[in-house]
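Engineer: One structure, pasted below without further comment.
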Amino acid sequence: MKKILITAALLILVLNGCGIRSISDSGYNYYGHSSIYRGELSEFDVLGINAGKEYTEEQISDELNRKKEQITLKKGDSVLLVQSGAIMPDEEMIQSMERYFSISVFTGIPEEKKGTNFSYSNSLRYSAAKAGIKKIFVYWGILESGTRNLATKTVSWVPIIGQGIPDESQEMRIRLKVALVDVKTGQWEIFIPEVFHDSASSARAN
């Protein structure tokens, strides 16, 4: 999965330049229409936490003292896969997850708020429960890239057997964040996988 994600990210770099962006925001326009990217899901939405509510010390203590079982994800489990900000997860992620789990996909495009009582988390859990799915796997991704000039840039025009001396180094990394939610209890865990990092050198023949 690491190589697949890096390859996909490098394609984005070639076409869109350097910077920081969500992996769900390609920046492309489709058939003359604007990009379908509409922002990211909030952790509060996914985890069922009302950010505008004031919680008492007693409520916090009750949650801390409540017995909670460890969330486990076993091979063959049914999982609802959601990529924040995307209509559906990237195909490479779907294929990688399908090697180990029974995968169903769900949109990660944020919903407009439908009133103070609307809970995106409950709607997501209910959708999973309707399909008999017990775990929800939501992930966010940030693509970071940059170009660094090398000391050889001043002589990079010199050809060497049909090529130029490398004068630039392109750095790219993908940082992911994952929320795993138990559909039945609403209990959740957040973890951050290993950062995917890659670099390459190039030369300009000018």
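Engineer: Show me the ranking of peptides 74-84, 42-52 by mean Cβ neighbours inside 10 Å, starting with the highest.
Structural biologist: Result, highest mean first: 74-84, 42-52.
Engineer: Using amide H atoms built in the peptide plane, which far-off residues or other-chain residues are under 5 Å from L41 H to H?
Structural biologist: G85
Engineer: How large is ³J(HN,Hα), in whole Hz, for each residue of segment 68-77 in order, when computed from phi with the Karplus curve 6.51 cos²θ - 1.76 cosθ + 1.60 and θ = phi - 60°, using x for Gly and Pro?
Structural biologist: Ordered by residue, 3J(HN,Hα) equals 10, 8, 5, 7, 10, 10, 9, 4, x, 5 Hz.
Engineer: Go through K68/K134; K53/K130; K68/K135 and tell me which ones have a Cα-Cα distance over 25 Å in this structure. Each step should come with its number before you reach the end.
Structural biologist: Values: K68/K134 16 Å; K53/K130 29 Å; K68/K135 16 Å.
In this structure, K53/K130 lie more than 25 Å apart at Cα.
Engineer: As an exercise, identify the GluC sites (Glu not before Pro) in segment 70-134 lying in DSSP coil whose Cβ has no more than 13 other Cβ atoms within 10 Å.
Structural biologist: Numbers: sites: E91, E92, E98, E111, E112; in loops: E111, E112.
Sparse-neighbourhood loop GluC sites (Glu not before Pro): E111, E112.
Engineer: Filter the chymotrypsin sites (Phe, Trp or Tyr not before Pro) in segment 71-126 to those in DSSP coil with at most 15 other Cβ atoms within 10 Å of their Cβ, and list the result.
Structural biologist: On the way: sites: Y100, F101, F106, F118, Y120, Y126; in loops: Y100, F101, F118.
Answer by residue number: Y100, F118.
Engineer: Net charge within 14 Å of D77 by Cβ-Cβ distance, Lys/Arg positive one each and Asp/Glu negative one each, not counting D77 itself?
Structural biologist: +4
Engineer: Check the straight Cα-Cα distances from K67 and name the aspartates and glutamates below 19 Å, setting aside those fewer than 8 residues away within the same chain.
Structural biologist: Hits, sequence-local ones excluded: E57, E58, D182, E189.
Engineer: Here is a further query. Applying 1/(1 + (r/R0)^6) with R0 = 22 Å to the Cβ-Cβ distance of S123 and S78, what FRET efficiency is obtained, to the nearest 0.05?
Structural biologist: 0.75
The numbers here are math on the coordinates, done by the rules we state, and not lab data. These figures come from a predicted structure and were not determined experimentally. So basically every Cβ, Gly included, is an ideal-geometry build from the backbone, and we count neighbours across all protein chains shown.
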